[in-house]
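Reviewing the structure listed below.
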Amino acid sequence: QHYYITNNLRLIDKAMTEAAPPPPPTSASNGISAGPPKAAQKPNYTLKYTLTGHTKAVSSVKFSVDGNWIASSSADKTVKIWSAEDAKIERTITGHKMGISDVAWSHDSKLLVSASDDKTLKIWDFSTGKCLKTLKGHGNYVFCCNFNPQSNLIVSGSFDESVRIWDVRNGKCLKTLPAHSDPVSAVNFNRDGSLIVSSSYDGLCRIWDTASGQCLKTLIDDDNPPVSFVKFSPNGKYILAATLDNTLKLWDYSKGKCLKTYTGHKNSKYCIFANFSVTGGKWIVCGSEDNMVYIWNLQTKEIVQKLEGHTDVVLCTGCHPTKNIIASGSLENDKTIKIWISDY
C-alpha cells in the first residue's frame with residue numbers, strides 16, 4: 001500500500017476572489033486588437049527562480065495571503081520561508097521530530113501551521129520563527145492542515161482517519177470528526193469558514209458543518225478511486241478534487257454533480273496539490289508524476305501549458321494571491337522549489 005510512505009508524499013493559495021464566468025465572445029469588428037481574444041489567450045509561464053535548501057522532498061508550498069512570502073515544508077523536518085519578491089531565504093523553522101507533509105498561513109500572514117509525521121501540528125510566529133503551540137491528539141501522521149479565514153481555527157487531517165478542529169488561541173482540540181475509513185489526504189475551509197471539505201483514500205469527499213461537526217454531504221463518484229486532494233473554489237461554490245486515476249474533477253457540491261474533468265497529467269501514487277489560478281486567466285494548476293506542472297483552462301478543460309524543469313515528481317504547487325506567479329516543489333531527486341511567472 002504505497003500511500004503509507006508519507007514522507008514521500010507530496011494544500012495553498014488563498015485567492016479570495018470570485019472565479020469568473022467564461023469571457024464573452026469578442027467581436028471581430030472591434031478594429032485593432034491587442035493580442036489574441038481573451039478566450040484564446042494562454043498563459044506563458046517561464047522559470048524565474050530555483051530555490052535550493054531543502055535536503056529532502058518538498059511536500060507543500062504556499063504563498064502568504066499578503067503575497068509577500070512563500071512557505072515550504074519538507075520531509076527534512078523543516079519549514080522554510082522565502083521572499084516572494086526576490087526568492088531569497090528569510091528563515092528556516094525547526095522543531096518537528098519527523099518529516100512535515102503540509103504547511104499553511106493564517107489570513108493575516110502572521111502565523112503558520114505545520115503538519116508532521118511526529119503526530120503533531122505546530123503553530124509558529126512568522127516574525128520570530130518561534131513555536132507558539134504544539135497541537136497533540138492525532139494518533140498517527142498528520143498529513144494536512146489549514147486555517148479558517150478568521151484564523152481562529154485550524155483543521156487537520158491524519159493517517160488516523162480523523163479530522164480535527166483546533167482552537168488557535170489555546171491549542172486545544174475542539175472537535176474530532178470520525179471522518180473517513182482510510183488516511184485523510186486534504187482538509188480545507190470554504191471562504192467564510194462555515195464549511196470544511198475533507199478527502200481520503202477511502203474514495204470519499206465529505207462536507208462538514210464547522211460549528212456542529214456534522215457531515216452535511218458525501219460526494220462519491222461511480223467508481224471510487226482514492227481521493228488524494230480536495231479544496232473549495234475561491235467563490236466557495238465548487239470543489240476541486242484529485243483522484244489517483246490521473247484525474248481532477250470540479251464538483252458543484254450543492255447539487256452533488258461533477259461539472260468538469262481535467263486529465264492528461266500523471267497522478268496515480270502521490271497526494272499532489274491542485275490550485276485555482278484566478279489572477280489572470282482562469283486556470284487549474286497541478287503537479288504531476290511526469291515531473292511537470294500542468295495548467296488547464298478552467299472552462300474548456302484544455303491543457304494550455306506544461307512547465308518543464310523539475311527532475312522528480314512535482315508534489316506541490318501554489319499560486320500567488322494577486323500576481324501571475326506559480327511556485328512548485330518536487331520530490332527527493334530534485335528537492336527544489338521553482339518560481340514561474342506569466343503575463344496572462
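The values are calculated or read from the model by the stated rules, or taken from the named source; none is laboratory data. Treat the numbers as computed from the prediction; the structure is a model and nothing was measured. Don't worry about glycine lacking a Cβ; one is built from the backbone with ideal geometry, like all the others, and counts go over all protein chains shown. To get the accessible areas, we keep the full protein, side chains included, count just its heavy atoms, and leave off ligands, DNA and RNA. Shrake-Rupley method; radii C 1.70, N 1.55, O 1.52, S 1.80 Å.
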What are the extents of the Cα atoms of region 92-146 along their three principal axes, in Å, largest first?
29, 19, 17
How large, in percent, is the carbon and sulfur part of the accessible surface of region 255-321 at a probe radius of 1.4 Å?
44
For region 122-196, which whole-number percentage of the solvent-accessible area (1.4 Å probe, protein heavy atoms only) is attributable to carbon and sulfur atoms?
46
I need the semi-axes of the equivalent ellipsoid of region 156-282: take the C-alpha gyration tensor, multiply each eigenvalue by 5, square-root it, list largest first in whole angstrom.
23, 17, 14
Determine the per residue accessible area of region 70-168 with all protein chains present and a 1.4 angstrom probe, expressed in square angstrom.
33
If you take the square roots of the eigenvalues of the alpha-carbon gyration tensor of region 202-253 and sort them as a ≥ b ≥ c, do you get rounded (a/c under 1.5), prolate (a/b over b/c) or oblate?
oblate
Mean Cβ-within-10 Å packing, highest first, puts peptides 206-214, 278-286 in the order 278-286, 206-214
Using 0.36 nm times the number of residues separating residue 269 and residue 312, minus their current alpha carbon distance, what extension gain do you get?
14.1 nm
Is region 216-322 best put as rounded, prolate or oblate by its Cα gyration tensor, with a ≥ b ≥ c the root eigenvalues, rounded for a/c under 1.5, and otherwise prolate when a/b is larger than b/c, oblate when not?
oblate
Based on the inverse mean of 1/r over its pairs of different Cα atoms, what is the Kirkwood hydrodynamic radius of the chain, in Å?
19.6
Which length gain, in nm to one decimal place, applies between residue 300 and residue 211 when the Cα-Cα distance is subtracted from 0.36 nm times their residue separation?
28.4 nm
Report, in listed order, any pair from 62/323; 56/323; 80/122; 266/301; 301/335; 97/122 with a Cα-Cα distance greater than 21 Å.
56/323; 301/335
